[in-house]
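Below is one structure; the comments refer to it alone.
The values are calculated or read from the model by the stated rules, or taken from the named source; none is laboratory data. Worth saying up front: this structure is predicted, and the values here are computed from it rather than measured. We place every Cβ from the backbone using ideal geometry, glycine too, and count neighbours over all the protein chains shown. SASA here: full protein model, heavy atoms, side chains in, ligands and nucleic acids out. Shrake-Rupley method; radii C 1.70, N 1.55, O 1.52, S 1.80 Å.
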Amino acid sequence: MKPPTIAVAAAAALAAVLPLAGTSTAVPFAGKDHRTVTTAAGDTFHLRLKAGPTVLPASGGTVQVKGAGYNRAQGIFLAFCAIPDGVVVGDPTTYKSLPGPCLPGRENQDGSSRRITDTGTGTPGITLPYEKGGTFRTTLEHVRPEIADGVTCDVTVRCAVVTRADFTATNDRLYDLFIPVHFAHATAAQDKG
């Protein structure tokens with residue numbers, strides 16, 4: 001059998017990398033996470049979170065997010081954050097630390113984080129109300145690999161679209177969900193390594 005030509009090998013390598021680019025034709029909600037939680041008051045909620053794309057271009061991009069089953073009595077933050085050391089995504093028994101740092105740090109006007117709450121307070125356009133059944137649908141914009149100085153996704157930390165209880169219950173880990181997100185440049189470099 002004749003070995004493949006350089007052009008055929010290059011085309012195969014390019015085809016393997018292209019799906020990682022996070023193009024607009026990618027599956028909108030490629031990542032999912034869920035958990036069932038019971039509050040101190042005995043109320044049970046079946047939290048579901050979906051987001052996509054979960055592989056973005058090296059320069060960053062926009063992620064579509066939707067959630068359902070959240071407790072409308074508890075506001076949440078939806079953000080792009082570093083996954084804390086020790087957290088095993090999908091194993092809530094390891095969710096012991098506050099996710100972070102998160103985009104945008106102290107600047108919350110760029111759409112890279114949201115607060116979902118029924119309290120009616122917050123930043124217009126950034127704070128959104130829950131919909132029926134504790135649902136929400138929004139985007140996280142300007143999602144980029146550099147979360148903070150010295151904190152880079154796929155290089156120094158693992159990163160994810162996360163939900164967590166808002167500032168009214170910062171230490172409550174019941175609402176933590178994680179959907180890992182990667183950036184094409186780091187993923188392609190890892191594949192070559």
For the range 84-164, size of Cβ-based charge dipole, Lys and Arg +1, Asp and Glu -1, in debye: 260 debye
Go ahead and collect, in residue order, the members of the range 140-174 whose backbone nitrogen is under 14 Å from a label point 7 Å along the Cα-Cβ direction of THR44. none
Run the quick spin-label model on SER97 and THR168: label points 7 Å from Cα toward the beta carbon, then report their separation in nm to one decimal. 2.8 nm
Rounded to the nearest Å, the spacing of the alpha-carbon centers of the range 64-95 and the range 131-146 is 12 Å
Can you pull the percent of the range 68-174's accessible area that's carbon plus sulfur, 1.4 Å probe, other chains left in place? 52 percent
Here, VAL88 and THR138, labelled 7 Å along Cα→Cβ, have an inter-label distance in nm of 3.2 nm
THR38 accessible area, assembled protein chains, probe 1.4 Å, Å²: 80 Å²
How about the range 64-151: which trypsin sites (Lys or Arg not before Pro) there are in a DSSP loop, with at most 13 other Cβ atoms within 10 Å of their Cβ? LYS96, ARG106
